[in-house]
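K.L.:
Sharing a structure here in C-alpha cells format.
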C-alpha cells in the first residue's frame, strides 16, 4: 500500500475513533459526522475491531471503544508520551542546575500522577516515583494542578475529597486550601514544606497549553532545599515551563499541518 494511502487510512480511522468517543455508535451517524460513505466507515470499523480498538454489540450492532483503546488511554505515561518528550530536556537542565529531583505531574481524578522523574545526583534525595500517585490536595504539585482548574471544577473536586493528614504539614481544611490556591494563581508558583513527605520540600510551576493541567516541580530535603534556594531556582523553572509549552505548541502545529496534508493531498 502506498504511504500516502496508508496515512490517509490512519487519519480516517482516527476520525472514526473520535466520533465513537463523542458518543456516536451507529455507522450512519459516524458516516455523516466524518463525511465518508457508509461502506468506508464500515470497513474502517471492521479493521479497528480486528485490532480491538473497537467492539460491536452483537444485538444492537452498535460500535463502542474497545479494550485496547481503553487500556492505552488508562496508562497516563503512555497516553502523555508527547508531553514527556517535550519536557525531558528542560527537566534535565533543571536537575543539573538545582541538583535536586525534577518531576512532571498531571491530575488523574482526585489524585496526581508522576509522569516523569529525573532524580537528584545527591546521595540524600527525595523522589516522587514514576507512575506513583498522591492525593491531589497534597504538595506543591497538587496545588498548582488545582489552581489551573476553573473554580467550578475545584469546588466539584473538593466536594468529593476526604482530606486526611499524610505529612506533618498536610493541608486538611478546604478553606485553607482555597486560600492557598488563590495565592498560587496570584504568584504563579506553589511551595510545600513537609506536606506529603516528613522531611520533603518542593516548588512547582504550571506548564500551560496542554490538554490538561501540568505541574513541573523540583523536590528535595527541606533542610537543604530551603525557601531561599527555591527562589533562586524559580526563575529558571518558569523559563523551562515556557519552553516546554512552546515545544508542545510546535508539536501541535506540526500535527495539524500533517492532518491538512492528508485531508487535502
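Readers should treat all values here as calculations from the given coordinates under stated rules, not as data from a laboratory. As the structure is a prediction and not an experimental result, all values here were calculated from the model. Glycine gets a Cβ as well: all are built from the backbone with ideal geometry, and neighbour counts include every protein chain shown.
K.L.:
What is the helix-to-structure angle for 38-50, meaning the angle in degrees between its Cα long axis and the longest Cα principal axis of the chain, kept from 0 to 90 and rounded to the nearest 10?
P.N.:
Helix 38-50 sits roughly 50 degrees off the main axis of the chain.
K.L.:
A follow-up question, please. Which whole-number percent gives the relative contact order of the range 123-265, counting Cα pairs below 8 Å spaced six or more residues apart?
P.N.:
About 23 percent, as a whole number.
K.L.:
Roughly how many nanometres apart are two label points built 7 Å out from the Cα toward the Cβ at residue 40 and residue 61?
P.N.:
2.2
K.L.:
For the range 111-202, what does the relative contact order come out to in percent, with C-alpha contacts under 8 Å and a separation of six or more?
P.N.:
This gives 27 percent for the range 111-202.
K.L.:
What value in Å³ per residue do you get for the convex hull of the alpha-carbon atoms in the chain? Let's see the in-between values first.
P.N.:
Working: hull volume 42.6 nm³, N = 265.
Spelled out: Cα convex hull of the chain, divided by residues, is 161 Å³.
K.L.:
Sort 18, 162 so that the residue with the fewest other Cβ atoms within 10 Å of its own Cβ comes first and the one with the most comes last.
P.N.:
Details: 18 13, 162 8.
Ordered from fewest to most neighbouring Cβ atoms within 10 Å, 18, 162 come out as 162, 18.
K.L.:
Right, here's the next one. Select from 79, 14, 128 the residue whose mean-square fluctuation is largest in a Gaussian network model of the chain (Cα-Cα springs shorter than 10 Å).
P.N.:
The residue that fluctuates most here is 14.
K.L.:
So how tilted is helix 174-187 from the main axis of the chain? Cα-based, degrees 0 to 90, rounded to 10.
P.N.:
Around 90 degrees separate the two axes.
K.L.:
I need the calculated FRET efficiency for the pair residue 52 and residue 29, taking r as the beta carbon distance and R₀ as 22 Å, to the nearest 0.05.
P.N.:
Working: r = 22 Å, r/R0 = 1.00.
E between residue 52 and residue 29, to the nearest 0.05, is 0.50.
K.L.:
Oh, and also: Between residue 9 and residue 179, how many nm apart are label points set 7 Å from Cα along the C-beta direction?
P.N.:
If labels sit at residue 9 and residue 179, their model points lie 6.2 nm apart.
K.L.:
Fewest Cβ neighbours within 10 Å first, please rank 51, 9 accordingly.
P.N.:
In increasing order of surrounding Cβ atoms, one gets 51, 9.
K.L.:
Can you give me the relative contact order of the chain as a percent, contacts being Cα pairs under 8 Å and 6 or more apart?
P.N.:
15
K.L.:
Would you calculate, for the chain, the mean residue ellipticity at 222 nm contributed by helices, counting each DSSP H stretch of 4 or more residues as -39,500 (n - 2.57) and dividing by all residues, to the nearest 500?
P.N.:
-16500 deg cm²/dmol
K.L.:
For the chain, take the longest principal axis of its alpha carbons; what is the angle in degrees between that and the long axis of helix 3-21, to the nearest 10 within 0 to 90?
P.N.:
The angle comes out at about 70 degrees.
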